[in-house]
1. If you line up the long axis of helix 92-101 against the longest principal axis of the chain, both from Cα atoms, how many degrees apart are they, to the nearest 10?
2. Take each of the peptides 107-120, 150-163, average the number of other beta-carbon atoms within 10 Å over its residues, and list them starting from the highest.
3. Does anyone have the angle between helix 114-124 and the longest principal axis of the chain? Alpha-carbon axes, 0 to 90°, nearest 10?
4. Looking at the square roots a ≥ b ≥ c of the eigenvalues of the Cα gyration tensor of region 174-222, which shape do they give, rounded for a/c under 1.5, prolate if a/b is larger than b/c, or oblate?
5. What are the ³J(HN,Hα) couplings of region 198-214, residue after residue, when phi is run through the Karplus curve with 6.51, -1.76, 1.60 and θ = phi - 60°? Round to Hz, x for glycine and proline.
6. Using 0.36 nm per residue, how much length does the chain from SER118 to ARG203 gain when fully extended, once their Cα-Cα distance is taken away?
7. Which of LEU55, LEU209 has the fewest other C-beta atoms within 10 Å, and how do the rest follow up to the most?
8. Using the alpha-carbon atoms, what tilt in degrees (0 to 90, nearest 10) does helix 44-54 show relative to the longest principal axis of the chain?
Amino acid sequence: MSATAELPTISSVSGIEAIIFDMDGVLFEGRNFWLDLHRRYGTEEAGIAAADAYLASDYASLAEVVVGKLWRGKPAAPLLQLVAARKYQAGVATVMGALKARGLATAIISSGPELLASRAQRDFGIDIVRANAIEIAAGHLTGRSTINVPDGGKAEVGRAVLQELDVVPERAASVGDGDSDAALARLVGLPIAYDSTSQTLDRVTRHHLRHGELWRLPELLD
């Protein structure tokens, strides 16, 4: 079945009222936006070293090293260009339309860039986005950032988002592809893995979609 083929309708008996999406590798092609931005700025080696040191234990320190030191004063153009150039996964628009037509709330929770999440929100009418922001002034990165989603903090953010949507976790679904999505998957009633790279996520998700199968998402809710 092609990504543009007619999708099955969502049955009201599914009980799902909201769906939370990861962003990189799920809604957008490309696994790691920040790594791709490191490559554009020529800071890949230092960025990987910082991630190895801080990603799992101290996300604030990782942001301080990367945004506050490695990228401070860099031109914003490479960041903005990468946001604009990122391609959606096949079928995203059709899937989002089907979900919204059935009255389901949608959200993005990602440790990726808020600029990219906001682009998807504008394009598809996504209800809530939570992602991380980098401050830009006079066409350059100021070195300041706002961390709304630490890499290991998606479950806590997800609980707050669902409260805002007035949806209990048991009536929510999540779609993710990596280790950082596993805790959120444990929280919701219908956890789904898409093109997963994580054995941890695979163990706690009920359904597993391959790359290019995002069109099947409404089918899983039927």
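1. Orientation of helix 92-101: about 50 degrees from the principal axis.
2. 107-120, 150-163
3. 30 degrees
4. oblate
5. 10, 5, 4, 5, 4, 5, 10, 9, 7, 10, 10, 9, 7, 4, x, 9, 4
6. In short, 27.5 nm is gained.
7. By the 10 Å Cβ count, ascending, the order reads LEU55, LEU209.
8. 70 degrees
Each reported figure results from applying straightforward, stated rules to the coordinates on display, with no laboratory input. These figures come from a predicted structure and were not determined experimentally. With ideal geometry, Cβ positions are generated from the backbone for all residues, glycine too; neighbour counts draw on all protein chains shown.
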